[in-house]
Structures are given as structure tokens and as C-alpha cells.
Amino acid sequence: MTILDGKKVSNDIKNEIKAEVDAMKANGEKVPHLAAVIVGDDGASLTYVNSKVKSCERVGFESTMIRLPHTTSELELLKKIKELNNNDDIDGFIIQLPLPPQIDTQKVLMAVDPSKDVDGFHPENFGRMALDMSTFIPATPFGILELLERYNVDTKGKHTVVIGRSHIVGRPMSILMSRKGWPGNSTVTLTHSSTKNIAQITTQADIIISALGVPDFVKAEMVRDDAVIIDVGITRVPDENAKRGYVLKGDVDFENVSKKASFITPVPGGVGPMTIAMLLKNTLLAREQRRE
Ligand code: GUN
């Protein structure tokens, strides 16, 4: 069994990005600038956005974090997006999800200039992804592809079962794994809350990608020997003994499933750090495209 070490790979990617930024600086060029908008004060979202900003520093990017109160109206957020679209210094920006209920998420995502949409959530970019055109691939699916590639995991002709149909992970992942090319070329089954007898499907999977957010959902008896297991779940479970008062749990019962798997991602330290590395990669790409 091989652990797909997202922490290590994301570090390698950050070093590669830093080298490119150093070269930009040496040439007197503008460095990439990422902005992140967060509405409200959800603890997990704040942690993610802080990590994204910190990672920008690590690779030499400029970053701007914009914090708006949870009472922000849709109109106010749309105004902020317009400002960011028009700000020439910003190469790419993200709106951290989820948004408070008074705001229509889809409307907000559609307001982002597709050339600055480094999350790849705008319908134009999502459509381009589905059509195999060059675009910003959403960071979490992009990170999973990168992990599979760097560990040389064979995906051609394999049966990939994706658990969860979210717009951020499950849906794009199912499209990407069925694409012609590598990683991809697999036969994909997309399962969700209305799927009947999910264990019967997962036991036929060569690759399982779980993005459900239910701790320990994937149990050893749901997995065949030598399966590749990608765990996207990262749920805060209260724990009095933990320093922060909670522990992070993946969707997969790691202790038992890892005994059967050929490759498996840990939580934390698997997919999570890859998401941030790929967001940086998309931001670098956004800068390069604006330069051209
Ligand atoms: N919330 C959970 N994952 C993500 C992500 O990748 N991007 C944004 N903007 N919000 C998220």
C-alpha cells in the first residue's frame, strides 16, 4: 500500500511555482496576485482562506483577503466582484463557499470575469473543462489528477466510482476521470444520495473518489482488494481531548480500508494541501495569460 502524500507533493509544486515567481521577479515582471473574498465568519472557511493567503506568501505571490460581514447583501458582493474584475493588479480571485443564504451562489459565480476565475466555477470555464478545452480546472479535482499523475497511478480502462455530485468536486471529477487522456480514460459511475445499494457499486470500483463529508462512510467491506482510494472528506468532529476541540475526519475508515488499498490518501495531508497548490497553479496561469 502506498500513501498518496498530498503534503509532500503540494510542497514540491509550491517549490516549482516559487522558482517561476523568482524568475519573474528577476526579469522585473509583475508577480501573480490572488484575492480571496470571504463572507461571514465560518471557522472552517476562515481556516481555508487563511491557508490560501499564507501559501501565496510562501511562493512569492501578492495576496489580498477581503472579509465581508455575514449580513452582506447580494448586491454588495456583486459590487465587490465588479471592483475585482476591473482591478488590473488582481490576476485571479475566489469567492470562498458556502455563502450565506441571502446570496444566490450561482449568480455570484457568474459575475466573476472568467479570465480571473481561478476556482474554475464560472459556467464558461466549467463548460470549457467538460469540452476538453484549456481552462482553469477546479482546484480540488485538479489536485486529485495531479496526485494520480505524480504517483503514476494507472486509470485507463479502470472503473472509477465517485461518491457525491457537488459542483466543486464530484461533478467535475466525474467528467475529468472520463476524459480521453491520463489521468482519465476510466469508466465512471457517479453516485449520490439517491443511489441504491452503493456498496454493491463501490465493491466493483478500481478507484473510489469520495467527496461526501460523512466521516467513516467508506468501510473496508465496501472496497475491493487493491483499490485506489481518494478521500476528499474533511469534517470537523468535536473531540474534547483535541487541542482545537475537534479532529478532522475523512469519508474513509482509513485504518481498515488502508489494509486493502493499493494507494490511499490520508486525512489530513492528502487532497486538502493539493487543493491549495492547484489554486496557486491556476493563479500563475492567470498571470501568464494576462501577460500575453
Ligand atoms: N469551499 C470549499 N471548497 C472550496 C473551493 O475550492 N473554493 C472555494 N471558493 N470555496 C470552497
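Data for the structure
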item	result
Criterion (in contact (Cβ under 8 Å) with a residue 40 or more places away in the chain, hydroxyl-bearing (Ser, Thr, Tyr) and away from the ligand (no atom under 16 Å from the Cβ)) met by exactly one of Ser174, Ser115, Ser73, Ser134	Ser115
Residue check, Arg287 over 17 Å from the mean Cα position of the chain (by Cα) and either at positive phi or away from the ligand (no atom under 14 Å from the Cβ) (or both)	yes
Number of positions in the range 141-163 that are within 14 Å of the ligand (Cβ to nearest atom) and either crowded, with 24+ Cβ neighbours inside 10 Å or more than 15 Å from the chain's Cα centre (by Cα) (or both)	3
Residue match in the range 32-49 (condition: within 25 Å of Asp113 (Cα to Cα) and more than 16 Å from the ligand (Cβ to nearest atom))	yes
Subset of the range 50-62 [within 14 Å of the ligand (Cβ to nearest atom) and either surrounded by 20 or more Cβ atoms within 10 Å (Cβ to Cβ) or more than 20 Å from Ile234 (Cβ to Cβ) (or both)]	Lys52, Ser55
Close pairs (7 angstrom Cβ cut-off, 6 or more residues apart or separate chains): over 26 Å from Arg290 (Cα atoms) in the range 84-106, surrounded by fewer than 19 Cβ atoms within 10 Å (Cβ to Cβ) anywhere	Leu99/Thr105; Pro100/Gly40; Pro100/His70; Gln102/Ser73; Gln102/Glu74; Ile103/Glu74; Asp104/Glu74; Thr105/Leu97
The range 118-131, subset on the phi < 0 side of the Ramachandran plot and not in a helix (DSSP H, G or I), residue nearest to the ligand (Cβ to nearest atom)	Asp119
Of all residues making up the range 188-210, the number that are surrounded by 14 or more Cβ atoms within 10 Å (Cβ to Cβ) and either over 17 Å from Arg171 (Cβ atoms) or free of Cβ contacts under 8 Å to residues at least 60 places away in the same chain (or both)	15
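Only the coordinates and a few stated rules stand behind these numbers; no lab work does. Just so we're clear, the structure is a prediction, and the values are computed from it rather than from any experiment. So basically every Cβ, Gly included, is an ideal-geometry build from the backbone, and we count neighbours across all protein chains shown.
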